Amino acid sequence: LDPQFALAYIGLADTLDLEVTYSNAPRDATFKTAEMAIDKALKLDPDLADAWVSSAAIAAERGQYGRAEQLFRRAIELNPNNATAYHWFSGVLAELGRIDESLTNAQRAVDLDPLSAIINLWFSIPLQYAGRFDEADARIRKAIEIDPSMPSSYRQLGLLRAYSMNRFAEAVPLLAKAVFETILDFQGH
């Protein structure tokens, strides 16, 4: 409807990126199409922070962590209030073992978007890497409070309680709930 609307291209790029992760879309071809959409958005608006975030995410998924870091930093420079930039950058930093930086970015993402279930959930990852299991548990429970239908929260809480906290009896019903919510989600309920 509006070929000059840069954010629409970013929505397309992010959807394609998620298809690789969640629907097993072919990586290279799908990322190439997503990158073409990002390029179009950047031609329309070179200062669109969301475009830089999307480009950084794809770079990270390609294992280009140095490039991803540069792109995330550019996005944050353009829009220091972009919660997604901090959220996704936190994940890259955690994967690189830079836990303190990951925690700082995850906290900033939560500060900017405290009602995002996914941002609260994924803040638990660097907390777990730091051995702060009770805080990770609380963060996951916050995600469940925000969106009780998100299966990944129950899965993450079950795994945390089983393997990090040695509370297997509590983990089983949480993991069963994750399966149940996934089935409901799959059926469109």
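The values are calculated or read from the model by the stated rules, or taken from the named source; none is laboratory data. Small disclaimer: the values here were computed from a predicted structure and weren't measured. All Cβ positions, glycine included, derive from the backbone under ideal geometry; neighbour counts span all protein chains shown. All accessible areas refer to the heavy atoms of the entire protein, side chains included, with ligands and DNA or RNA removed. Shrake-Rupley method; radii C 1.70, N 1.55, O 1.52, S 1.80 Å.
Check every one of the helices (runs of 4 or more DSSP H) wholly within the range 71-173 and list those with 3 or more residues that are modelled with pLDDT of 95 or more and acidic (Asp, Glu). Talk me through it step by step, then tell me what you get.
Numbers: elements: 83-95, 99-112, 117-129, 133-146, 151-159.
The helices (runs of 4 or more DSSP H) meeting that bar are 99-112, 133-146.
Across the range 43-52, the qualifying residues are those that are open to solvent by less than 50 Å² (accessible area, probe 1.4 Å) and in contact (Cβ under 8 Å) with a residue 40 or more places away in the chain, and the one among them that is nearest to ALA85 (Cα to Cα) is ALA51.
Among the conditions (1) of a type in the set (A, V, I, L, M); (2) open to solvent by less than 40 Å² (accessible area, probe 1.4 Å); (3) in contact with a Leu (Cβ under 8 Å, 6 or more places away or on another chain), the only one that ALA68 does not satisfy is (3).
One line per residue, one yes/no per condition, for (1) more than 23 Å from PRO114 (Cα to Cα); (2) of a type in the set (Asp, Glu); (3) open to solvent by less than 50 Å² (accessible area, probe 1.4 Å):
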| site | (1), (2), (3) |
| --- | --- |
| ARG139 | no, no, no |
| LYS142 | no, no, no |
| PRO148 | no, no, no |
| TYR154 | no, no, yes |
| ALA162 | yes, no, yes |
| ASN166 | yes, no, no |
| ALA169 | yes, no, no |
| ALA176 | yes, no, no |
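Taking SER102, is it over 21 Å from PRO148 (Cβ atoms), open to solvent by less than 10 Å² (accessible area, probe 1.4 Å) and out of contact with any Cys (no Cβ under 9 Å at 6 or more places or on another chain)? It is true that SER102 is over 21 Å from PRO148 (Cβ atoms), open to solvent by less than 10 Å² (accessible area, probe 1.4 Å) and out of contact with any Cys (no Cβ under 9 Å at 6 or more places or on another chain).
Residues ASP39, ASP28, ASP17: which one is farther than 21 Å from PHE72 by Cα, out of contact with any Gly (no Cβ under 8 Å at 6 or more places or on another chain) and in a helix (DSSP H, G or I)? Result of the check over ASP39, ASP28, ASP17: ASP28.
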